[in-house]
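The values are calculated or read from the model by the stated rules, or taken from the named source; none is laboratory data. As the structure is a prediction and not an experimental result, all values here were calculated from the model. Here Cβ is always computed from backbone atoms with ideal geometry, including for glycine, and neighbour counts include all displayed protein chains. What goes into the accessible areas is simple: the full protein's heavy atoms, side chains included, and nothing from ligands, DNA or RNA. Shrake-Rupley method; radii C 1.70, N 1.55, O 1.52, S 1.80 Å.
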Amino acid sequence: MRADESGFEIAQQHGGWVVRMWWPVGPITGGPQRVTVEPADDAEPRDVVRGISTTVLRRLDIAAAINLAKMAPEAQQTLQDYAQRLSASAEAAGQLLAAEGVSERYLATLAATYAAMADSGAPAPVPWLARLIERRPETIKDHLKKARRDGYLGTVAGKAGGELTDKAKAVLDSLVTEDR
């Protein structure tokens, strides 16, 4: 495995071929974002002259590569840091809710936190948010529906989470500006 500031790379050799799988920095929640197949340095010319075979591709062990990448110390630290940032964001949403009620600042923060939790592969983002905000999951679901209706959170077909809208980004940018 090789890691740098941009991500993690796992290499597997299959016959005369080296398969490199790459994930960006952040929680590893699924397969690689990039796969390259190249002749191995020590490959016999006869093994590579006819190109990559389907046999080589079928031998890819993506599940093993994912497990290896998840166990890397760099990935563990990244996951821990990311979880702490998400928790802090959810707690900030809870503070905004307590101070302002269901305001645009709260909805934008809630939408951003929910989208990030879903993107990170959190298995149950709503109950996690509910615990951190100290509200019932049903309440958080209602607030997320309002965030969608009010234009802070878009949908992604067939997936939990959603896209943060420009409206939400503008509200969040104003929050950052206020903190300076």
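Inside the range 142-174, can you point out the residues that are open to solvent by 30 Å² or more (accessible area, probe 1.4 Å), touching a helix residue (DSSP H, G or I) at 6+ places or on another chain (Cβ under 6 Å) and assigned to a helix (DSSP H, G or I)?
LEU172
Only one of ALA83, ALA93 is open to solvent by less than 50 Å² (accessible area, probe 1.4 Å), modelled with pLDDT under 90, small (Gly, Ala, Ser) and out of contact with any strand residue (DSSP E or B) (no Cβ under 6 Å at 6 or more places or on another chain); which?
Sole residue among the options that is open to solvent by less than 50 Å² (accessible area, probe 1.4 Å), modelled with pLDDT under 90, small (Gly, Ala, Ser) and out of contact with any strand residue (DSSP E or B) (no Cβ under 6 Å at 6 or more places or on another chain): ALA83.
Given the criterion of a type in the set (Ser, Thr, Tyr) and at pLDDT 85 or above, identify the matching residue among THR165, THR78.
On inspection, the qualifying residue turns out to be THR165.
Does the range 114-125 hold any residues that are free of Cβ contacts under 8 Å to residues at least 40 places away in the same chain and surrounded by fewer than 18 Cβ atoms within 10 Å (Cβ to Cβ), and which are they?
PRO123, ALA124
Mind listing whichever residues of the range 61-72 are out of contact with any strand residue (DSSP E or B) (no Cβ under 6 Å at 6 or more places or on another chain), modelled with pLDDT of 85 or more and of a type in the set (A, V, I, L, M)?
ILE62, ALA63, ALA64
With the requirement that a residue be without any contact (Cβ under 8 Å) to a residue 24 or more places away in the chain, in contact with a Lys or Arg (Cβ under 9 Å, 6 or more places away or on another chain) and closer than 16 Å to ARG105 by Cβ, what does the range 140-173 give you?
GLY151, the sole residue that qualifies.
Pull up the range 127-139, narrow it to residues that are without any contact (Cβ under 8 Å) to a residue 12 or more places away in the chain and out of contact with any Ser or Thr (no Cβ under 8 Å at 6 or more places or on another chain), then point me to the one that is farthest from ALA88 (Cα to Cα).
The qualifying residue farthest from ALA88 (Cα to Cα) is GLU138.
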